[in-house]
1. Mind pulling the per residue volume of the convex hull built on the Cα atoms of the range 215-270? Å³ is fine.
2. Excluding ligands and nucleic acids, what accessible area in Å² is computed for S23 using a 1.4 Å probe, to the nearest 10?
3. Determine how large the accessible area of S202 is when every protein chain is in place; take a 1.4 Å probe and give Å² rounded to the nearest 10.
4. What is the extension gain from T147 to E259, computed as 0.36 nm multiplied by their sequence separation minus the C-alpha to C-alpha distance, in nm to one decimal?
5. Quick one: net charge of A273's neighbours, Cβ under 13 Å, K/R +1, D/E -1?
6. Multiply the residue gap between D239 and K104 by 0.36 nm, knock off their C-alpha separation, and tell me the result in nm, one decimal place.
7. How high is the FRET efficiency from R190 to E3, r the C-beta distance, R0 56 Å, rounded to 0.05?
8. Using θ = phi - 60° and the Karplus relation 6.51 cos²θ - 1.76 cosθ + 1.60, list the HN-Hα couplings for the range 197-209 in order, rounded to whole Hz, with x at every Gly or Pro.
Amino acid sequence: MSEPRRLGGRFTLLQLAGEGASSEVYRALDETTGRTVAVKCALARTPKLLGDPTAERFRRERRLLESISSPHVVGLVGHGTSEDGQAFLAVDWLEGTDLARHHKDRPLDGRQIVEVLGQVASGLDAIHRLGFVHRDVKPANVFVADTPDGQLRATVIDLGIAWSEGEAALTHEGLIIGTPSYMSPEQILRDGPLTGASDQFSLGVLAYELVTGVRPYVGDDAVAVLAKIALTDPPRLRDAAPDVPGDLDAVVARAMAKEPADRYASMAELAEALAAATPFEPTIAEIRGDADTEVISSSAVVGSTTLATGERRVVTAVFMRFAGSQEASGARAAFERAVRARGGVPHALLSLAHVGVFAG
């Protein structure tokens, strides 16, 4: 039997706990303190990281975790590079489970939902105060654990794609950073630099999902979901859960406002609004993911607000997909000219599709 792998002369890897597209996470022993920690290892080694955004994301996540101090954001324990050039981060090992699994196995009641959302807002506020945007707020990136006094503690995890204005973009053309169902309209349309208001929208989506058991935006594919977020009015919480108090419905509606300027001024203000909301006991809903879907076809008529004015009317949305090559750039430009020539407004839904929106 081979000896357990040891990183940085300090962290002994015990077992694989999870893996993603660019990293693996291990349960490990911190031999300096005797504590269990989580060690996140980049899948690529140093020679392959030159010009690869994975290395810079690891450095960015490390810098952010070194600066932040919040009981609701995972804490940094150590970092380094292995002998064979593999970057790693060691963070607190969190007992419990992610919010999606917890809510499925042990659905939260109304009081717990508001408390968890408030704690997540507090953690995100600490991230925003350092000038960063998380960019991937979703149930899988919130860890929930029971406390000795019978309460729940929520911790924001996975800051690997956090971004701050003024830093170089690390996203190549054709790649999606974030999770479509939780993206803000401005994140989809790439309408200027992202701010903390984008995370606020995502938290509003998470609140809607926890209360109702379904996501507010569903579709047969990612393009359909992104189109609904970008082109249609956000659904109201009380339409899906009539027993929810009106003030909580108003809080979630403001967090999910289409325009960033119409949301709360900060996550701290949102957390205060959540804390002041009327207590409620809804019918406990299990998160059902994408079980209920609606289809938006490649050419469809949808009820929408125009992106420019907010005026509610019926519009026609024509979707186009292009190959991700240089030759496609000319086709995209031609499509945009054709849409404008016919009185429409063209928009890009990330790199997945272009859409022309026409009145009437």
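The values are calculated or read from the model by the stated rules, or taken from the named source; none is laboratory data. All values reported here derive from a predicted model rather than from experimental measurement. We place every Cβ from the backbone using ideal geometry, glycine too, and count neighbours over all the protein chains shown. Surface areas here come from the heavy atoms of the whole protein model, side chains and all, with no ligands, DNA or RNA. Shrake-Rupley method; radii C 1.70, N 1.55, O 1.52, S 1.80 Å.
1. Values: hull volume 5.2 nm³, N = 56.
Residue-normalised Cα hull volume stands at 92 Å³.
2. S23 exposes around 20 Å² with every protein chain in place.
3. Counting only protein heavy atoms, the figure is 0 Å².
4. Numbers: separation 112, 0.36 × 112 = 40.32 nm, distance 3.72 nm.
Once the chain is fully extended between T147 and E259, it gains 36.6 nm.
5. Numbers: positive: R254, R263; negative: D125, D247, D249, E269, E272.
Net charge in that neighbourhood comes out at -3.
6. Numbers: separation 135, 0.36 × 135 = 48.60 nm, distance 2.23 nm.
Fully extending the segment from D239 to K104 adds 46.4 nm.
7. On the way: r = 48 Å, r/R0 = 0.86.
The calculated FRET efficiency here is 0.70.
8. Coupling constants for the range 197-209: 4, 5, 5, 4, 4, 4, 5, x, 4, 5, 4, 4, 5 Hz.
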